[in-house]
Ligand code: C9U
């Protein structure tokens, strides 16, 4: 039976029930849940105590996912039980910490968690299996009771998020991180939302806050970041994702490493690169893209991923001069077992200025995954062009072109689809290569590579791996020459 009102739950514990004055009860939204938790906490004296909380959870998937998610081990051993059959049903819940959770030394809260001890993993797998069966049973019962109905917002968290598998931290740890974030200052705005510099336990982190209308981008980006084997030094380091709020209001966050030099677009405005710096930068971006595009086979393999919005604003510059690729809200994955492109359920399209001719001509075959990789390579060619303009090379080493976006001289600042089509497809134009670039082998080599990346005919374009290998060879030769 579906109730037309929420249910009353017992409410206890400061974190679960901050204003627990209402006689120690709270009322859920319609179809919400009551919960009870038990958690190991460390007292100031360094002793371990059990803390119990109880309260209300939101309806449907979001509440249900929380009930399910905490059945895997977390930094603070914690177990949650949920119910929704009657008022105050959580009074009879008695969650207990399984023996392997209580008294276990919690794993360090690091962005990249180390391998868990095999015993813990085996135990976790067992619990996960029981949790899965229980969840499946509960879902079946709920489905039977509720009949067919559309999923209600906020959306369920991506599967990898709740299970703790893939490249991310377990959900509750991510939630804990999100709760401990202090926003410092806004450092960027875009059509997706806003980026903030924030602090987490004294460290600087970047937080992307998505507009409520961009739920699909948040979901997709979170999912992509937590793809198995996604971590790479040239891909922005993912820390946590969280969604919070009530039925009518949600806040979607994505927490990543912070890079003080900002985006490549910001950086190139003022920086002048010498040839080794240019090569380092170009090689790192290509390495990030080659990793993204690569599929790694095996049970714990990585699917091939195409970015679909490569541009200098979506690339960050690290302190060591290397770059990291960001913004995966549009990315697509190739599911090798099903020979299928898992297209993002997202109507957003890439940035018009960087769109490949086949995207502008609307001839790109969306069922052909290779086509997305080729379109990424076109955009990469434009990014390499932006970098080369800022490289001081040749006899008059200080002579560089001012920073410019590709096609800055032939389209308006916010070009329309038709503006770009006229230039890139109809007239077949590409950014100009200044004659001074021929004077330095590094810039000349990159100029030749970028032209092979932005070729009109997609299959003729170089792959990321080919560009990476050519640059590696060039770098090695150059090092010898430069000494
Ligand atoms: C606005 C584009 N953007 C930048 C970052 C992100 N998007 C981002 C993407 N995904 C997840 C989280 C964040 C980002 N930015 C930094 N650092 C940074 C440092 C300084 C600036 C901008 C960004 N400046 C902008 C111009 N004014 C001076 C400061 N680090 C990581 C991600």
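Computed packing ranks the peptides 294-301, 83-90, 414-421 as 83-90, 414-421, 294-301, most packed first, by mean other Cβ atoms within 10 Å.
Take 192, 378, 225 and order them by how many other Cβ atoms sit within 10 Å, fewest up front.
Values: 192 20, 378 24, 225 27.
Listed from fewest to most nearby Cβ atoms, that is 192, 378, 225.
Potential lengthening of the chain between residue 186 and residue 94 amounts to 28.7 nm, from the contour at 0.36 nm per residue minus the alpha-carbon distance. Rounded, prolate or oblate: which fits the range 430-479 when a ≥ b ≥ c are the square roots of the eigenvalues of the alpha-carbon gyration tensor, with rounded for a/c under 1.5 and prolate only if a/b beats b/c? Cα axes put the range 430-479 in the oblate bin. The order of 224, 187, 243, going from fewest to most other C-beta atoms within 10 Å of their C-beta, is 187, 243, 224. Using R₀ = 60 Å, calculate the FRET efficiency as 1/(1 + (r/R₀)^6) where r is the Cβ-Cβ separation of residue 365 and residue 22; round to 0.05. After rounding, the FRET efficiency stands at 0.55.
Residue order for 468, 208, fewest other beta carbons within 10 angstrom first, comes to 468, 208.
Bear in mind these aren't lab numbers, they're just calculated from the coordinates by the rules spelled out. Because the structure is a prediction, the values reported are computed rather than measured. Note that each Cβ is placed from the backbone with ideal geometry, even for glycine, and that neighbours are counted across all protein chains shown.
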